[in-house]
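Below is one structure; the comments refer to it alone.
The values are calculated or read from the model by the stated rules, or taken from the named source; none is laboratory data. For clarity, every value in this text was computed on a predicted model and none was experimentally measured. All Cβ positions, glycine included, derive from the backbone under ideal geometry; neighbour counts span all protein chains shown.
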Amino acid sequence: MAELLSDDEVDERLPEGWVRDDDEISRTYEFDDYLAGVSFAMHVGEVAEEEFHHPEIVIGYKTVEVRLTSHEEGGITDKDIRLANLFDDER
């Protein structure tokens, strides 16, 4: 079981482009067209499955919103920060 990060730890480690929303972190990625966003969402899903830590993904016309939290722990953990960085690497 992962430990929750303190507010200061989240603020210090939150990757650029990500924002905190209570007990979640989120980022909205922008794309030139719908299919580029769908392709990115598929990559995010593959990474999440490999890491066995699954985000909420919302696909819009030219955007993909990704939201992360560690439900079992009730907030943000190292796993969320790690996945945020991995998802940014996919972009």
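Values computed for the structure shown
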read-out	value
From the options 83, 4, residue that is touching a Pro at 6+ places or on another chain (Cβ under 9 Å) and of a type in the set (A, V, I, L, M)	83
Residue that is farthest from residue 64 (Cα to Cα), among those in region 37-53 that are in contact (Cβ under 8 Å) with a residue 40 or more places away in the chain and surrounded by 18 or more Cβ atoms within 10 Å (Cβ to Cβ)	44
Filter result for residue 69 (of a type in the set (Ser, Thr, Tyr), at pLDDT 95 or above and touching a Gly at 6+ places or on another chain (Cβ under 9 Å))	yes
Tabulated pairs, region 16-34, first part of a loop (DSSP other than H, G, I, E, B) and crowded, with 18+ Cβ neighbours inside 10 Å, second β-branched (Val, Ile, Thr) and modelled with pLDDT of 95 or more, C-beta under 8 angstrom, 6+ apart or interchain	18/25; 31/63; 31/64
Hits in region 66-81 - residues which are crowded, with 16+ Cβ neighbours inside 10 Å and free of Cβ contacts under 8 Å to residues at least 40 places away in the same chain	none
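Condition check ((1) of a type in the set (Lys, Arg); (2) over 16 Å from residue 16 (Cα atoms)) across all residues:
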site: 52; (1), (2): no, yes
site: 59; (1), (2): no, yes
site: 62; (1), (2): yes, yes
site: 75; (1), (2): no, yes
site: 82; (1), (2): yes, no
site: 86; (1), (2): no, no
